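Below is one structure, written out as structure tokens; comments come after it.
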Amino acid sequence: MTIKLYSWPMSSGTRIAWALEELALPYQYVPLDAKKQEHRSPEMLAVNPHGKVPALADGELKFFESGAILLYLGNLYGAAKGLWPESKGQAHADAVCWTVWAMTEIGNYMMQYLYHGLDSPVSYKPEDRSKAAAEYNRAQLHRLLDTLETRLEGRDYLMGGFSLVDVAAASWLLLGAQLGLPLEGRPCVAAYCKRCAERPAFKRAR
């Protein structure tokens, strides 16, 4: 049965579209119009009861949260495509850890810094921003970027070769860069983002 991805452009669903394109899996993209509240439709709520994108149906299985979907795609389809380690060994453990790290650490602190600390299309109005929140999230994000810089020394990608782990990490960073997040002073991270942005599958994702 065809995989269905419920999403809209420039959302967390874009990283799932990127993963599906990298895996070369056939899928149906179900575009939702937020202005029409289509993410609150009965069909969508049957897949994701929170009414948020992305949501994915693979046969009888239903998933929400992009991190969970990436782990599912990696474990089921990724190894055969060379995009996820086999289910035994440290490489698989590393893939799970770095994927969760990207989704829970980078994404969270980056977005909070964008909301409070920068002038970007998604930032709060100046009067609604918290200086304390901006400084805290900036410090945490810089710590994470330093960790990523160290990890990428001598590697093109987080696991050595490109994998779905990079979809998790680079999707956040490329979004941040598009919104004005500076990456100066971390040459490995900057080169990594450039390599990921040049991938044909990334360019096809929406």
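Restricting attention to region 110-150, the residues that are of a type in the set (Gly, Ala, Ser), out of contact with any Gly (no Cβ under 7 Å at 6 or more places or on another chain) and within 27 Å of LYS194 (Cα to Cα) add up to 3. VAL189 meets the conditions (1) open to solvent by less than 50 Å² (accessible area, probe 1.4 Å); (2) at positive phi in every case but one. The failed one is (2). Beta carbons closer than 7 Å, at least 6 apart along the sequence or on distinct chains, pair a first residue in region 193-206 that is at negative phi with a second that is at pLDDT 95 or above and not in a helix (DSSP H, G or I) for ARG195/ASP156. Against the condition touching a residue at least 40 places away in the same chain (Cβ under 8 Å), of a type in the set (D, E, K, R), over 29 Å from GLN28 (Cα atoms) and open to solvent by 20 Å² or more (accessible area, probe 1.4 Å), how does GLU184 come out, does it pass? Criteria not met by GLU184.
Of all residues assigned to region 54-63, at least one qualifies as being of a type in the set (Gly, Ala, Ser) and either crowded, with 18+ Cβ neighbours inside 10 Å or closer than 26 Å to ASN137 by Cα (or both). Considering (1) in a helix (DSSP H, G or I); (2) under 16 Å from the mean Cα position of the chain (by Cα), the lone condition that ARG206 does not fulfil carries the number (1). Scan region 23-49 for residues that are of a type outside the set (Lys, Arg), part of a helix (DSSP H, G or I) and open to solvent by 30 Å² or more (accessible area, probe 1.4 Å) and jot them down. If the condition is that a residue be of a type outside the set (Lys, Arg), part of a helix (DSSP H, G or I) and open to solvent by 30 Å² or more (accessible area, probe 1.4 Å), then ALA34, GLU38, PRO42, GLU43, LEU45, ALA46 are the ones that fit. Counted as qualifying within region 90-181 are the helices (runs of 4 or more DSSP H) with 2 or more residues that are of a type in the set (Gly, Ala, Ser) and open to solvent by 50 Å² or more (accessible area, probe 1.4 Å), namely 131-152.
You will find that of ALA80, ALA46, ALA55, ALA68, the residue that is touching a His at 6+ places or on another chain (Cβ under 9 Å) and either hydrophobic (A, V, I, L, M, F, W, C) or in contact (Cβ under 8 Å) with a residue 40 or more places away in the chain (or both) is ALA55 and no other.
Table: residues versus (1) in contact with a Leu (Cβ under 8 Å, 6 or more places away or on another chain); (2) more than 24 Å from SER12 (Cβ to Cβ); (3) touching a residue at least 40 places away in the same chain (Cβ under 8 Å).
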| position | (1), (2), (3) |
| --- | --- |
| TYR124 | no, no, no |
| ARG143 | no, no, no |
| GLU153 | no, yes, no |
| GLY161 | no, yes, yes |
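One residue stands out among those in region 182-203 that are touching a helix residue (DSSP H, G or I) at 6+ places or on another chain (Cβ under 6 Å) and part of a loop (DSSP other than H, G, I, E, B): the one that is modelled with the lowest pLDDT, which is LEU183. Residues in region 135-189 that are under 23 Å from ASP94 (Cβ atoms) and small (Gly, Ala, Ser): GLY154, GLY160, GLY161, SER163, ALA168, ALA169, ALA170, SER171.
The values are calculated or read from the model by the stated rules, or taken from the named source; none is laboratory data. No experiment lies behind these values; they were computed from the predicted model shown. Cβ atoms come from the backbone with ideal geometry, glycine included; neighbour counts cover every protein chain shown. Accessible surface is based on the protein model in full, side chains and every heavy atom, while ligands, DNA and RNA are left aside. Shrake-Rupley method; radii C 1.70, N 1.55, O 1.52, S 1.80 Å.
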